[in-house]
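**Q** Attaching a single structure in structure tokens format; questions to follow.
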Amino acid sequence: MTRRAPTGAAVLQPEVTRSITEAVLDELAEQGYARLSMEAVAKRAGVGKSALYRRWPAKQDMVIAVISEFSLDHAVIADTGSLREDLREALAGLVDWLTHPRFSRILPDLTAEAVRNPVLRAAVESAIGNPRRALGAELLRRAVDRGELAPDVDIELALDLLAAPLYWRLSVRGAALEPGYLDALTETLLRALPPPPAPRSR
């Protein structure tokens, strides 16, 4: 016998979730995290506040869920068989993430807010920072397995080296990328990362 869902049970319609997601991104870009409200998101999405609360218990949960999905969707971790090409693709994906029309306005505000709010900082690190770094670590470990990097490469330090130049240039300085910048950065990173030990001569 097929059991029916109880009368009044929440059915989370994908199209409504998409509308809310877009509204959250728009509100974050325009108002910032501190001024964002559930009421404003609901109004922009054309739904009642109950539609938001059926999905997330509070503003922070809603924002983290939306930004996490957006950020992981924009994490490009290629497996080309070459560390050089993998790095180049990863850097291009990082540029797309950091220069996205809305996200480029959201990230600086969210970063500043996280400095003042330890709970938010922990949530951002857990839902966004750690998953993206885990994907980058896979890229580096594959290079170790292929014999392109030293087995004792410091993965955490290497991940900082990969992300820091673009974050500083794009999000902090607001500088443009000249033609050939990503190629030059790729070559610089390859020189900075520890190569595998040279084979012993017999």
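**Q** What helices (runs of 4 or more DSSP H) lie completely within region 92-201 and have 2 or more residues being of a type in the set (Gly, Ala, Ser) and over 28 Å from Ile64 (Cα atoms)?
**A** The qualifying helices (runs of 4 or more DSSP H) are 181-192.
**Q** Quick check on Glu125: is it among the acidic types (Asp, Glu) and touching a helix residue (DSSP H, G or I) at 6+ places or on another chain (Cβ under 6 Å)?
**A** Answer is no for this residue.
**Q** Of all the residues that make up region 49-73, how many are without any contact (Cβ under 8 Å) to a residue 12 or more places away in the chain and either hydrophobic (A, V, I, L, M, F, W, C) or outside any helix (DSSP H, G or I) (or both)?
**A** 3
**Q** Is it fair to say Val41 is farther than 16 Å from Leu135 by Cα, surrounded by 14 or more Cβ atoms within 10 Å (Cβ to Cβ) and touching an Asp or Glu at 6+ places or on another chain (Cβ under 7 Å)?
**A** yes
**Q** Being exposed (fewer than 15 other Cβ atoms within 10 Å of the Cβ) and either modelled with pLDDT of 90 or more or in contact with a Phe, Trp or Tyr (Cβ under 7 Å, 6 or more places away or on another chain) (or both) narrows it down to one residue among Asp96, Asp86; which is it?
**A** Sole residue among the options that is exposed (fewer than 15 other Cβ atoms within 10 Å of the Cβ) and either modelled with pLDDT of 90 or more or in contact with a Phe, Trp or Tyr (Cβ under 7 Å, 6 or more places away or on another chain) (or both): Asp96.
**Q** Going through region 148-186 one residue at a time, which ones are farther than 19 Å from Leu107 by Cα and surrounded by fewer than 13 Cβ atoms within 10 Å (Cβ to Cβ)?
**A** Residues satisfying the conditions are Pro151, Asp152, Glu156, Leu157, Glu178, Pro179, Gly180, Asp183, Ala184.
**Q** What is the residue count in region 107-143 for residues that are of a type in the set (Val, Ile, Thr) and surrounded by fewer than 17 Cβ atoms within 10 Å (Cβ to Cβ)?
**A** Total satisfying the criteria: 3.
The values are calculated or read from the model by the stated rules, or taken from the named source; none is laboratory data. Quick caveat: nothing in here was measured; it's all calculated off a predicted structure. Cβ coordinates were reconstructed from backbone atoms using ideal geometry, including for glycine residues, and neighbour counts include every protein chain displayed.
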